[in-house]
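The values are calculated or read from the model by the stated rules, or taken from the named source; none is laboratory data. It should be emphasised that the depicted structure is a prediction, and the values quoted were computed from it without experimental measurement. Using ideal geometry, Cβ is built from the backbone for each residue, glycine included, and neighbour counts are taken over all protein chains shown.
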Amino acid sequence: MAETSLIDGDFTESPEPYKLFAKWLEDATASEPNDPNALALATVDPDGLPNVRMVLLKGFDERGFVFYTNYESNKGREILASMKAAMCFHWKSLRRQVRVRGIVEKVSDEEADAYYESRARGSRIGAWASKQSRPLESRFALEKAVAEYTAKYAIGSIPRPSYWSGFRIKPVSIEFWHDRQFRLHDRVIFERDGDGWKKTRLYP
């Protein structure tokens, strides 16, 4: 894969980045051993010190890239303080990566409810039981919380916690990177330009 670049043809045919991202994600879904939708999410704390962690992309369209989390977690609080974030997809099997930087917005309650309902019942219980990012006295305390909420919601639907929802990163830039021999990689960046995109090839 490293010796054959697909980027020239892709970018010749792609005046905007979302169709290209969809193609690359489709390729990754076929080639990655697991979690082709995994991404590294970067935020900053109140002192400007970066934080990064892996999360899963749960949707994307021309409005942006969506993931879900506990708003009271470290990443939730950091995003709510700045409403800015960055993400990076790395598909090792394809030797490709995509970097996204942008402004963040909350998804609608309707979107969050629909996704929450699609999750496994145990995952919905987990959203109630886990005080994400906060100190945990013991594993037993977490298991006890899971048991309590499992009993509470033994019958019927499990409501979505008010603090659990989604974020959408609305890109100001999307960069595509493809490995080439001798580190002469292909890099092309799409940057917001009014209602459209400006496309620029970058030195590796």
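Laid out as a table, the results:
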{"item": "Some residue of segment 170-180 being surrounded by fewer than 17 Cβ atoms within 10 Å (Cβ to Cβ), assigned to a loop (DSSP other than H, G, I, E, B) and hydrophobic (A, V, I, L, M, F, W, C)", "result": "no"}
{"item": "Some residue of segment 141-154 being within 25 Å of the chain's Cα centre (by Cα) and farther than 21 Å from G59 by Cα", "result": "no"}
{"item": "Residue list for segment 96-133, filter: in a loop (DSSP other than H, G, I, E, B) and either touching a Cys at 6+ places or on another chain (Cβ under 9 Å) or touching a residue at least 40 places away in the same chain (Cβ under 8 Å) (or both)", "result": "V107, S130, K131, Q132, S133"}
{"item": "Odd one out for L202 among (1) of a type outside the set (D, E); (2) touching a residue at least 24 places away in the same chain (Cβ under 8 Å); (3) crowded, with 18+ Cβ neighbours inside 10 Å", "result": "(3)"}
{"item": "Matching option when the condition is over 30 Å from G194 (Cα atoms), of a type in the set (D, E, K, R) and at pLDDT 95 or above, among R168, R134, R160", "result": "R160"}
{"item": "Filtered residue count, segment 94-111, keeping only those that are within 18 Å of the chain's Cα centre (by Cα) and closer than 26 Å to A28 by Cα", "result": "11"}
{"item": "Members of segment 7-45 that are at pLDDT below 95, in a loop (DSSP other than H, G, I, E, B) and surrounded by fewer than 16 Cβ atoms within 10 Å (Cβ to Cβ)", "result": "E13, P15, E16, P33, N34"}
{"item": "Residues within segment 46-75 that are without any contact (Cβ under 8 Å) to a residue 60 or more places away in the chain and either in contact with an Asp or Glu (Cβ under 9 Å, 6 or more places away or on another chain) or not in a strand (DSSP E or B) (or both), tallied", "result": "12"}
